[in-house]
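**Q** Pasting in a structure now, in structure tokens, and then I'll have a few things to ask.
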Amino acid sequence: MGELSRGQRDAVLFGAAAGAMGVSCAGLSIWWALPALAVSFGLYSVIRKALPEGKGLSDYMPLWMLVGELLFLILAAAKTAAHAADCWPGHSSWQLFALVLLALAGAASLQGTDAVGRVAVLLTLGCVLFYVPVLGAAAWEAKPQPEIGEWMEGFPILLTSLTLVCGLFLPSQKRSGRLVTGLAVFTVLLLWCTRGKDGPMPLLEAVRGITLFGVFQRFEALASCALTAGLFLMLALFASAGGEIVRSAGAGKYGGLAVILPAALTVWWVDAVHPAVFAVGAGLFWGILPLLVLPVVARKNGRKNSENREKSS
């Protein structure tokens, strides 16, 4: 399936998480976001540092874990696709839009993980060039919201940022903490400028009329494009992670379709699934199970290091 370079995995994860944050977390309390981000970023950093270069989580999981991870990826992909048309006001044909995004993500994953990484670099660069000045201007004009809000507001942010762990299923080279820093800054800007905004998409309300470079501008269409690009990267991430899981189970190179095709069927009724299912699933499959794999990673790495020392001596 290929291996991501030093910057490609960061591009995939930042673009995907930023799009999902903009759709599902805009308008929430910034105060509860901070501990939620600390938990997810800490979990991601611990697992990332434990994995050797060129290896993913699926290389160390038993078959029953791989099956569970794959099933939850299907459900998460269907839920992500179901929100695709929310990026555009007046979404009367959301099912078709969701299927188009799923098809594009599946086609990208079939080209290999490295191809997804190259696409992600271009899309994420464009999104960053949009987010930095526009969200910065919107945050500058936003009125401070001092209320702390409900503690439950931290859960959507925690669940969305836990998708970073999905990136650890993809073989990659080591990388610094720039992803964590960049995503934290983006989240703070997003929540600061959208707090108190009404409507189903607070981000679109926040960028509806801002002053940029001394000119009053409307950026709803560009914001919708950036969010759509982010959801596409999220679906491509799920498909690529599913491909690595299927490869680890020895079932061929078209594993990305094992996520995309069932998700295309599931998207019709996924909104009926209780949110608690996604909360428990994210905590289990992107939190607890990856942590349980770490002793296996340490044992195999220690054995490999011992063999290398014996050969060198």
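**Q** Does Arg299 satisfy the condition of being at pLDDT 80 or above and surrounded by fewer than 13 Cβ atoms within 10 Å (Cβ to Cβ)?
**A** For Arg299, the condition - at pLDDT 80 or above and surrounded by fewer than 13 Cβ atoms within 10 Å (Cβ to Cβ) - is met.
**Q** If I go through segment 47-89 residue by residue, how many of them are free of Cβ contacts under 8 Å to residues at least 24 places away in the same chain and within 26 Å of Met21 (Cα to Cα)?
**A** Adding up the residues that qualify gives 3.
Residue-by-condition table, conditions (1) of a type in the set (A, V, I, L, M); (2) within 18 Å of the chain's Cα centre (by Cα):
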residue	(1), (2)
Ala38	yes, yes
Val46	yes, yes
Gly54	no, no
Val67	yes, no
Leu75	yes, yes
Val100	yes, no
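**Q** Can you list residue pairs whose Cβ atoms sit under 9 Å apart, with the first residue in segment 23-46 being polar (S, T, N, Q) and loosely packed, with under 15 Cβ neighbours inside 10 Å and the second being modelled with pLDDT under 90 and in a helix (DSSP H, G or I)? Count only pairs 6 or more apart in sequence or on different chains.
**A** Here the result reads Ser45/Val180, each pair linking segment 23-46 to a residue that is modelled with pLDDT under 90 and in a helix (DSSP H, G or I).
**Q** Can I ask one more? With the checklist (1) surrounded by fewer than 21 Cβ atoms within 10 Å (Cβ to Cβ); (2) more than 28 Å from Gly126 (Cα to Cα); (3) out of contact with any Lys or Arg (no Cβ under 9 Å at 6 or more places or on another chain) in hand, flag the one item Met61 doesn't pass.
**A** (1)
**Q** Which pairs do you get when a residue that is within 18 Å of Ala78 (Cβ to Cβ) and touching a residue at least 12 places away in the same chain (Cβ under 8 Å), found in segment 103-116, comes within reach of a residue that is surrounded by 19 or more Cβ atoms within 10 Å (Cβ to Cβ) and among the polar types (S, T, N, Q), reach meaning Cβ atoms under 9 angstrom, with the pair 6+ apart or on two chains?
**A** Qualifying pairs under 9 Å: Ala105/Ser240; Ala108/Ser240; Ser109/Ser240.
**Q** Determine which single condition Phe97 fails, assuming it passes every other condition in (1) hydrophobic (A, V, I, L, M, F, W, C); (2) at pLDDT below 95; (3) within 15 Å of Val246 (Cα to Cα).
**A** (3)
**Q** Taking the stated definitions as given, is Gly149 within 30 Å of Gly287 (Cα to Cα) and modelled with pLDDT of 90 or more?
**A** On the way: within 30 Å of Gly287 (Cα to Cα): yes; modelled with pLDDT of 90 or more: no.
The answer is no for Gly149.
**Q** Out of Leu96, Leu129, I need the residue that is of a type in the set (A, V, I, L, M, F, W, C), more than 28 Å from Trp268 (Cα to Cα), surrounded by fewer than 16 Cβ atoms within 10 Å (Cβ to Cβ) and more than 17 Å from the chain's Cα centre (by Cα). Which one?
**A** Being of a type in the set (A, V, I, L, M, F, W, C), more than 28 Å from Trp268 (Cα to Cα), surrounded by fewer than 16 Cβ atoms within 10 Å (Cβ to Cβ) and more than 17 Å from the chain's Cα centre (by Cα) holds for just one of Leu96, Leu129, which is Leu129.
**Q** What's the total number of residues in segment 256-304 that are in a loop (DSSP other than H, G, I, E, B), under 19 Å from the mean Cα position of the chain (by Cα) and either free of Cβ contacts under 8 Å to residues at least 40 places away in the same chain or more than 19 Å from Val165 (Cβ to Cβ) (or both)?
**A** Step one: of segment 256-304, the residues in a loop (DSSP other than H, G, I, E, B) are 256, 267-269, 273-274.
Narrowing the set further to residues that are under 19 Å from the mean Cα position of the chain (by Cα) leaves 256, 267.
Within this subset, residues satisfying the condition of being either free of Cβ contacts under 8 Å to residues at least 40 places away in the same chain or more than 19 Å from Val165 (Cβ to Cβ) (or both) are 267.
Adding up the residues that qualify gives 1.
**Q** Among the residues of segment 75-88, count how many are more than 18 Å from Pro275 (Cβ to Cβ) and in contact with a Gly (Cβ under 9 Å, 6 or more places away or on another chain).
**A** Within segment 75-88, residues that are more than 18 Å from Pro275 (Cβ to Cβ) and in contact with a Gly (Cβ under 9 Å, 6 or more places away or on another chain) number 1.
**Q** Hey, could you check segment 183-202 for residues that are in contact with a helix residue (DSSP H, G or I) (Cβ under 6 Å, 6 or more places away or on another chain) and farther than 15 Å from Ala33 by Cβ and say which is modelled with the highest pLDDT?
**A** Only one residue fits best here, namely Lys197.
The values are calculated or read from the model by the stated rules, or taken from the named source; none is laboratory data. Quick caveat, the model's predicted, so the values are computed rather than measured. In this analysis, Cβ positions are derived from the backbone assuming ideal geometry, glycine residues included, and neighbour counts consider all displayed protein chains.
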